[in-house]
Structure formats: C-alpha cells, structure tokens
Amino acid sequence: MKTSTIIIEDNVEYCNEIIEKLRLIENVQVLGCFHSLEDALAFLDRGQTADFFLVDIGLPGMDGISGIGEILMRNPETKIAMLTIFDDKELVFNALKNGACGYLLKGESEGRFQKAIEEIVSGGGFFTPSIAQMVLKFFRKKPFSKHKITKREKEILQLMSDGLAKKQISDRLFISYSTVDSHVKNIYKKLHVNCGVQAVMKANEEGLI
C-alpha cells in the first residue's frame, strides 16, 4: 500500500524537483504540492487526508514549525518531516518538539533523500547524532513510568536515540529487520506515538532510557 504524501513548499521549481524524487520511491504516492500551510490546511478541512507531509520550515504566512500542530490536530496519525535550507539545530529541535518525525536538508543527494523518506514513512525517524544529543540534554529523566517497556525494547530505544535506523539496529543487535520492526511497532503502541523521533523524545521525557 502506497504512502499518500503532501508537500508544502513555496518554491514552485523546488516543489517540482521533490515530486520527481518522490516518484522514484516505489511505495510513495504524491497527492499534491501546496505553496502555503493555509492552503494545505484548507485541503484537510475539506475532509481530505494524507499519511505523510513534507513541510518547508520557512513558509510565507504560517511557518512550517507552527503548522505542525495544526496538521496533527486535523490528522493525528500522519507523519511530518521538515525541509530546511540550513542545518539550524535550534529550528530542527523545535520542529521535533512540536511533533515532526525528522527533517531533510534542501539539496540532499537523491540517494540520501530517498533513504530518509523511506525510513520516515516506514515508521522510523531521521535526524543527526547532534540533534539526538540535544534531545538527550533537554529532558530530565524521571524515576518512574507507567509504560511497561521490555529490556530489548529499551535497548532498541537507546539505539534509536543514537540516531540509528532500523536496518542499522538490526545489524548492531544481530537480529532480523522484521524483528526490529516488530519491536518498534510495540514501542510505538506502548508510548502512543507514531514515529521514531517522537518515541525517543517521550522515552527520554519519562526516563525510560
């Protein structure tokens, strides 16, 4: 089943470039490209939906970071990744805190862009080790949590917090990709999240890792 995708990017030429890149990814279907968050939200308000949003941070009108909550309020199960020109850690971290599942730099190579999209839409996350460290430093660990996370799930959460993708976790722990995927799905269910970045942030917030 293909992942329905909406792009929100005000640069028409770059938007068309993203569409061409996404068309090369087998399990992704582009529904359209909006040039402002207001237009995209109007689309959602008409009862439309999408599995994945690729959102520019610097948009005219409502900016991308402010729009994350608006999208999730209308479509709580969707995954959101941010597009940005500069690797501004503060902006990226604010996007993750608001509910984004990852980010991509504009100008990424085609291979890296595809890898990032595939990881995010499959339920993983995409962020650099430096961003992972910001997450770790931001949250104060709490001694108790209501979530019953197993030892293996904690191990996988820890590797996710280091910025490892599911395939890398599989290689590191010498277990199959499908086993990692199953553990990750269980983690999401227990933490009530829908992507790796949000799982890591919630796990840190509650002192699970």
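The values are calculated or read from the model by the stated rules, or taken from the named source; none is laboratory data. None of the values given here were measured: they were computed from a predicted structure. Backbone-built Cβ (ideal geometry, glycine too); neighbour counts: all protein chains shown.
Below are the figures for this structure:
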| quantity | calculated |
| --- | --- |
| Top-ranked residue of region 20-62 - restricted to ones that are of a type in the set (Asp, Glu) and closer than 24 Å to ASN94 by Cβ, ranked as surrounded by the most Cβ atoms within 10 Å (Cβ to Cβ) | ASP56 |
| Listing of helices (runs of 4 or more DSSP H) fully contained in region 1-113 that carry 3 or more residues being in contact with a helix residue (DSSP H, G or I) (Cβ under 6 Å, 6 or more places away or on another chain) | 37-45, 64-74, 89-98 |
| Test: residue in region 169-190 that is part of a loop (DSSP other than H, G, I, E, B), touching an Asp or Glu at 6+ places or on another chain (Cβ under 9 Å) and either in contact (Cβ under 8 Å) with a residue 40 or more places away in the chain or not assigned by TED's automatic domain parsing to the domain that holds ILE117 (or both) | no |
| Residues within region 77-93 that are of a type outside the set (A, V, I, L, M, F, W, C) and either under 13 Å from the mean Cα position of the chain (by Cα) or surrounded by 18 or more Cβ atoms within 10 Å (Cβ to Cβ) (or both), tallied | 4 |
| Top-ranked residue of region 147-158 - restricted to ones that are surrounded by fewer than 20 Cβ atoms within 10 Å (Cβ to Cβ) and in a helix (DSSP H, G or I), ranked as nearest to the chain's Cα centre (by Cα) | GLN158 |
| Sole exception among (1) within 23 Å of GLY107 (Cβ to Cβ); (2) at pLDDT 90 or above for GLU38, by number | (1) |
